[in-house]
Amino acid sequence: MLFLFQDPVGDDQGLAYLYPRAALFQEAGEGYADLLALAGEEREGHLVLKVRLARYPNPLGGSLGFSLATVVLWLDIEEGGEEELLPGLHTPSRGGWEVAYVLTGFGAEKRTPEGSREPVRAWREGEWVLLDTGLPPGPYAYYGGVGLFDPFAPWYLRPVGLEGGAWTLGGPAGSPPLVDLLAENPMDQVRAYQEGVLWPLRKPSPSLRRESLLAFTLGGVALLLAFLLRKR
């Protein structure tokens, strides 16, 4: 595994969004749009992304075993790029993305800021949903979020309205159509909704991992010495 980003459980409410009132969504229960983790692996020289949701209800019969959630992942793979992720949500200044992947229960697409779209391979392995990016592994930055599936919307994301409705989310005007954002710290998600800026997650560099391991080891040695000296 190249990296693993974990997202808090039960934070799939956006800024206190109201879910659509149609029976399809009400009967599905909770957690089907709750992102738990994003991981990356190298397989046959390609970067394969793995998504874990809390639950996978499938009332619409999606071929991947779920049908009510849409996952969108944006990758920053080089300098520059498009700073708007979705209306109401941007990357930090001088951030940006060059390629995005839209994953639904019916398959996955690769997209670019210029508007090109092409299908990519997606499949299930137990509780994980995987897609082949076609990219070589690299020091990329990752943005992500989960919304409710809408086959007619541009990003397959059900829109947000001020009062909500049978088929729309209820939330503040101008809010992004995502109920959960990829953020390992809950407060980072709150700030992203409030400020309209989502910060990316990056795989720690090898040097940073070595420094963290060294600090952990030295801390353990210091605690052991303190314990031995206290016993004396």
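The values are calculated or read from the model by the stated rules, or taken from the named source; none is laboratory data. As the structure is a prediction and not an experimental result, all values here were calculated from the model. Here the Cβ positions follow ideal geometry from the backbone for every residue, glycine too, while neighbour counts run over all protein chains shown. In case anyone asks, the SASA skips ligands and DNA or RNA and just uses the protein heavy atoms, side chains included. Shrake-Rupley method; radii C 1.70, N 1.55, O 1.52, S 1.80 Å.
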Checklist line | Calculated P(r) of the stretch 65-109 - Cα pairs past 12 Å, % | finding: 62 percent
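I'm checking a number: the convex hull volume of the Cα atoms of the chain, normalised per residue, in Å³. What is it?
On the way: hull volume 37.2 nm³, N = 232.
Per residue, the Cα convex hull of the chain comes to 160 Å³.
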Margin query: For the chain, set up a GNM with springs between Cα atoms under 10 Å and report which of Leu181, Leu162, Leu49 has the largest fluctuation.
Written below: Leu162
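Excluding Asp11 itself, what net charge comes from residues whose Cβ is under 10 Å from its Cβ, given Lys and Arg +1 and Asp and Glu -1? Don't skip to the end; give the middle numbers.
Values: positive: none; negative: Asp7, Asp12, Asp34, Asp180.
Summing Lys and Arg as +1 and Asp and Glu as -1 gives -4.
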Next item on the list: May I ask for the equivalent-ellipsoid semi-axes of the stretch 1-126, computed as the square root of five times each C-alpha gyration tensor eigenvalue and listed largest first in whole Å?
Entry: 25, 19, 15
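What's the carbon and sulfur percent of the stretch 8-49's accessible surface, probe 1.4 angstrom, rounded to a whole number? Numbers along the way, then the final one.
Values: 1000 of 1960 Å².
Here it works out to 51 percent.
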Notebook entry, point to check: In degrees, nearest 10, range 0 to 90: what is the angle between the Cα axis of helix 186-195 and the longest Cα principal axis of the chain?
Noted result: 50 degrees
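Ala22 to Thr112: extension gain in nm, 0.36 nm per residue of separation minus the Cα-Cα distance? If you can, show how the numbers build up before the last one.
Numbers: separation 90, 0.36 × 90 = 32.40 nm, distance 3.25 nm.
Here the answer is 29.1 nm.
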Notebook entry, point to check: Measuring with a 1.4 Å probe in the full set of protein chains, what accessible area per residue, in whole Å², belongs to the stretch 54-172?
Noted result: 43 Å²
Notebook entry, point to check: Stokes-Einstein D for the stretch 116-174 at 4 °C, 1.567 mPa s, Kirkwood Rh over Cα pairs, in µm²/s?
Noted result: 89 µm²/s
Notebook entry, point to check: Between the helical axis of 206-231 and the dominant principal axis of the chain, each derived from Cα atoms, what acute angle in degrees is found, rounded to the nearest 10?
Noted result: 50 degrees
